[in-house]
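Notes to accompany the following structure.
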Amino acid sequence: MLRILIIALLVCPFVTFGQSEDVNPNNNVLIGLENLGKNRTSFGFPSVIKKIKNPIEGSVYIYDEWSNTAIVSSEETKLRLNDINFNAKRNAFQSKIGNDSIFTFHFRNIKDVVINNITFKNVFSPVHKKNRVFEVIEENKDFSIYKDYRIEIKVGSPNPQAGSQNDKYLLRDDYYVKQGENFDKFSLKKSKLLKLMGDKATEVGAYIKSNKLKVKNSEDFSKIMDYYKSL
């Protein structure tokens, strides 16, 4: 009976059951997610948001707003969720359940998360010596490029005249490339990208130049990779 109820929640993810206005409609789905999957394994866990005595300025999340739509996929099912964001400090997706509670996803049973048409995957990083959730910049048969989000904390000044007295979160990112058995930090530059392309580099380089494309522009980058894969 429990399994039937969970499946029903997934089929109709935005059905509400007399919820108060403070409760996000994701709540019903997230409760079901806790016990969904093979061997009743977990997709994540709910928790209460604790108030910090000395708040840190800034945000640990990569999106300014929570009004994002995501498709969370496992080997068994796909789930559409609203009000989801990526916590760069915890390297995890989180979805609001209510004003004071949140659901944190882990990737043990999740294949990928697509949010705002951007794919995130759980990849083993020899650099970090553990699995991390990366944004997928490019994946093809020759190489993969991933973007890693992280948080630094800028320590506040004890002198109010020298700047803010509070600590501040700073969102940083790094790129990594996987090619064969190698997994290394990567600089998203034209010269570095062309080096990955082997005997196609000259032709791709000419294409970039003739079309005045910029590697760091997402639309231009997609055009470059589409051309590369067409060769």
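The values are calculated or read from the model by the stated rules, or taken from the named source; none is laboratory data. Quantities reported herein were computed from a predicted structural model and do not represent experimental measurements. Cβ placement follows ideal geometry from the backbone for every residue including glycine, while neighbour counts extend to all protein chains displayed.
Before moving on, here are some points about what is shown:
- No other residue among LYS200, LYS216 is surrounded by fewer than 15 Cβ atoms within 10 Å (Cβ to Cβ), of a type in the set (D, E, K, R) and not assigned by TED's automatic domain parsing to the domain that holds ILE118 apart from LYS216.
- The lone criterion from (1) outside any loop (DSSP other than H, G, I, E, B); (2) free of Cβ contacts under 8 Å to residues at least 24 places away in the same chain left unmet by LYS229 is number (2).
- Just one of the listed residues (VAL114, VAL48, VAL23) is at pLDDT 55 or above and surrounded by 12 or more Cβ atoms within 10 Å (Cβ to Cβ), and it is VAL114.
- For PHE103, the conditions (1) in contact with a helix residue (DSSP H, G or I) (Cβ under 9 Å, 6 or more places away or on another chain); (2) more than 30 Å from ASP167 (Cα to Cα); (3) modelled with pLDDT of 80 or more are fulfilled apart from (2).
- Criterion violated by ASP174 - all others in (1) at pLDDT 95 or above; (2) in the same structural domain as SER67 (by TED's automatic domain parsing); (3) not in a strand (DSSP E or B) satisfied: (3)
- LEU213 meets the conditions (1) over 30 Å from PHE93 (Cβ atoms); (2) outside any loop (DSSP other than H, G, I, E, B); (3) among the aliphatic types (A, V, I, L, M) in every case but one. The failed one is (2).
- Scanning the stretch 103-149 for residues that are touching a residue at least 40 places away in the same chain (Cβ under 8 Å) and either in a loop (DSSP other than H, G, I, E, B) or at positive phi (or both) gives HIS106, ARG108, ASN109, ILE110, ASN116, PRO126, VAL127, ASN140, ASP142, PHE143.
- Number of the exception - LYS111 against (1) of a type outside the set (Phe, Trp, Tyr); (2) in the same structural domain as ILE62 (by TED's automatic domain parsing); (3) over 19 Å from the mean Cα position of the chain (by Cα): (3)
- Any hit, the stretch 188-197, residues being at pLDDT 95 or above, touching an Asp or Glu at 6+ places or on another chain (Cβ under 6 Å) and not in a strand (DSSP E or B): no
- Count of residues meeting criterion [in a strand (DSSP E or B), surrounded by fewer than 18 Cβ atoms within 10 Å (Cβ to Cβ) and touching a residue at least 60 places away in the same chain (Cβ under 8 Å)] in the stretch 60-102: 2
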